[in-house]
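What follows is a set of notes on a single structure, which appears directly below.
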Amino acid sequence: MALKVAFINNGGAQLPEIDGAALRAASRLPVVTTPDQFSVSSLGDWDTNSIELHSSVPTGNRQQLRFGINHVNDVTVPWTSGVIPETEFAVNQKLSGFTIWQGELLGFTPSLRPVRGNTEIRINHVDSTVTATFTDLQVWDTGQTPGEIGTGESWHSGSMEYMLTSSGNFLRSKDGQGTLIGQFFGSSHGGVAGSVELDDLTASFGARRTNRAFEIP
């Protein structure tokens, strides 16, 4: 994990830096903006520097899933980048037990304090439930690079849990704090990554599959 200057969008492709900066600047415009109200000055100050936290996890077949969080021009954006699966993921009721993905979460508070913690995505093939659990959530001072878990302060209660819905290769929260959106990555769905948006946290997460459920004879 590192702090760096970059802009990468969600979906596995790199967005030209100028396009990303324009989209972020435009996000500060009023909901209704007429052509005569639009100008370079209406976009506010334009900064070419950004602050970013990022990491990666392997998804099999020498593939890497990258994820992170980027802040520039007063806008914080989570991103993911990886290989899109060739087939859709299905919660298979012919399997017994759990399929589990484990990794980490990286985020910024509104004051740009970095947050880091552990991530687990779990599918119960017996009852088809999907959960996302974030534990050991810790926060560091603005401008610091988050260290190993155990070296920061606890962020709120230190944990969050979501019940998720699954559709094709996509996941979405149906309860819990804020909104979680996720997607499977890797040729064999070896990774999962996405974003978590709350009033006081914008974060990205990534995880690799650590086990497979058993097929029912």
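The values are calculated or read from the model by the stated rules, or taken from the named source; none is laboratory data. Predicted, not measured: the structure shown is a model, and the values here were computed from it. Because the Cβ atoms are built from the backbone with ideal geometry, glycine has one as well, and the counts that use them run over all protein chains shown.
Pick from region 122-153 the residues that are within 25 Å of residue 100 (Cα to Cα) and of a type in the set (S, T, N, Q): which of them is modelled with the lowest pLDDT? By that ranking, first place goes to 128. Of all residues in region 54-86, those satisfying the criterion of being farther than 30 Å from residue 110 by Cβ, assigned to a loop (DSSP other than H, G, I, E, B), touching a residue at least 12 places away in the same chain (Cβ under 8 Å) and over 18 Å from the mean Cα position of the chain (by Cα) are 61, 86. For beta carbons closer than 8 Å, sequence separation of 6+ or different chains, a first residue in region 144-168 that is within 28 Å of residue 127 (Cα to Cα) and a second that is aromatic (Phe, Trp, Tyr) and assigned to a loop (DSSP other than H, G, I, E, B), the qualifying pairs are 166/89; 168/89. Can you pull out the residues in region 127-141 that are among the hydroxyl-bearing types (Ser, Thr, Tyr) and either touching an Asp or Glu at 6+ places or on another chain (Cβ under 6 Å) or farther than 16 Å from residue 166 by Cα (or both)? Once the filter is applied, which keeps residues that are among the hydroxyl-bearing types (Ser, Thr, Tyr) and either touching an Asp or Glu at 6+ places or on another chain (Cβ under 6 Å) or farther than 16 Å from residue 166 by Cα (or both), region 127-141 yields 133, 135. Of the residues making up region 95-147, those that are more than 17 Å from residue 192 (Cβ to Cβ), touching a strand residue (DSSP E or B) at 6+ places or on another chain (Cβ under 9 Å) and of a type in the set (D, E, K, R) are 113, 116, 136, 141. Looking only at region 97-110, decide whether some residue is more than 25 Å from residue 209 (Cα to Cα), modelled with pLDDT under 95, among the hydroxyl-bearing types (Ser, Thr, Tyr) and not in a loop (DSSP other than H, G, I, E, B). Scanning region 97-110 turns up no residue that is more than 25 Å from residue 209 (Cα to Cα), modelled with pLDDT under 95, among the hydroxyl-bearing types (Ser, Thr, Tyr) and not in a loop (DSSP other than H, G, I, E, B).
For region 117-132, taking the residues that are of a type in the set (Val, Ile, Thr) and more than 13 Å from the chain's Cα centre (by Cα), the one that is farthest from residue 205 (Cα to Cα) is identified as 126. Among the residues making up region 118-138, those that are surrounded by 18 or more Cβ atoms within 10 Å (Cβ to Cβ) and either on the phi > 0 side of the Ramachandran plot or among the aliphatic types (A, V, I, L, M) (or both) are 121, 123, 130, 132, 137.
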